[in-house]
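A short worksheet on the structure shown next.
What follows is calculated from the coordinates using simple rules that are stated; it is not laboratory data. The shown structure was predicted, so the numbers you read here are calculated from the model rather than taken from an experiment. Don't worry about glycine lacking a Cβ; one is built from the backbone with ideal geometry, like all the others, and counts go over all protein chains shown.
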Amino acid sequence: MIYDPAEHPFSETHKLMIGSIVPRPIALVSTTSNNGINNLAPFSYFNGVCSRPPTIMFAPARRSWDGKEKDTLINIRDTKEFSINIVSEDIGEKMVKCSTDYEKEIDEYSESGLSPLPSKKIKPPIVSESKISLECILNQIVQIGKDDAGSGFIVIGTIILFHIDDEVYDNGRIILDKLQPLGRVAGNGYVRSTNAFDIIRTIKPDV
Ligand SMILES: Cc1cc2nc3c(=O)[nH]c(=O)nc-3n(C[C@H](O)[C@H](O)[C@H](O)COP(=O)(O)O)c2cc1C
């Protein structure tokens with residue numbers, strides 16, 4: 001079939017995107033508001049960008065029902081700091097609890113049972129249960145679309161400190177089977193990362 005997004009509501013397009021762009025890594029993003037209230041929310045439109053400087057991006061959309069900006073975006077715009085916490089299988093349920101649309105005054109650490117651990121270089125805490133956490137400062141926020149529901153933002157951040165659990169680290173590499181990161185697919189679906197295999201790549205062709 002052929003699908004032209006110009007002929008459909010954004011909600012239908014959204015379903016095709018979250019079913020096609022799979023599996024997605026999950027960033028559990030920790031921020032602190034100007035009033036000092038911590039916020040924690042998962043984002044699976046998340047990826048790395050480059051390593052010099054080490055840069056990540058994630059995309060908080062506007063709320064689908066009223067077009068309002070998410071607290072994570074507001075806090076990062078205000079404070080320019082956030083931590084990204086990698087989601088392993090063992091904290092999947094708690095991560096999902098952080099995705100409920102609580103009022104701005106609610107601290108999702110308390111709601112989810114996850115524990116904040118002080119960061120070293122930024123004010124927002126890291127998630128103590130995460131095996132990898134990245135302290136980040138804001139590079140830039142790019143607005144995509146207009147001000148209506150369905151539109152969104154790209155938050156680009158520079159990693160200024162890595163926290164890596166010794167258990168998942170070996171001689172400069174991350175051990176996938178120990179990290180056990182969750183991947184997001186459509187709806188309420190998740191996949192495990194326990195089935196990895198190699199496909200050998202030639203980087204430069206023989207001349
Ligand atoms: C696994 C998972 C991934 C999500 N990914 C995104 C995403 O990429 N972009 C987005 O806008 N919302 C995403 N959400 C929904 C947000 O987590 C949710 O809107 C949350 O309430 C935002 O919180 P905040 O207002 O405190 O920032 C995701 C939810 C889950 C459970």
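For segment 1-105, the list of GluC sites (Glu not before Pro) that fall in a loop by DSSP and count at most 16 other C-beta atoms within 10 angstrom reads Glu69, Glu103, Glu105.
Residues whose amide H comes within less than 5 Å of that of Ser119, counting only those at least five positions distant or on another chain, are Ile126 (H built at 1.01 Å from N in the peptide plane). Charging the Cβ of each Asp and Glu at -1 and of each Lys and Arg at +1, and nothing else, the dipole of the chain about its Cα centre rounds to 540 debye.
Computed per residue of the chain from DSSP H runs no shorter than four, each worth -39500 (n - 2.57), the mean residue ellipticity at 222 nm is -4000 deg cm²/dmol.
Provide Leu73, Leu117 in ascending order of the number of other Cβ atoms located within 10 Å of each residue's Cβ, fewest first.
Starting with the residue having the fewest Cβ neighbours, the order is Leu117, Leu73.
Structure note, pairs Lys94/Lys146; Lys121/Lys146; Lys146/Lys178; Lys68/Lys123; Lys97/Lys178: Cα-Cα distances above 31 angstrom occur for Lys94/Lys146; Lys121/Lys146; Lys146/Lys178. For the chain, the residue among Ile86, Gly48, Gly150 whose Cα projects farthest onto the positive side of the dipole built from Cβ charges is Gly48.
Its Kirkwood hydrodynamic radius, worked out from the mean inverse distance over all distinct Cα pairs, puts the chain at 18.2 Å.
Simple rule: put +1 on each Lys or Arg Cβ and -1 on each Asp or Glu Cβ in the chain, find the dipole, and look at Pro60, Asn38, Ser112; the Cα lying farthest toward the positive end is Pro60.
Our summary gives the chain a relative contact order of 24 percent, counting only alpha carbon pairs under 8 angstrom and 6 or more residues apart.
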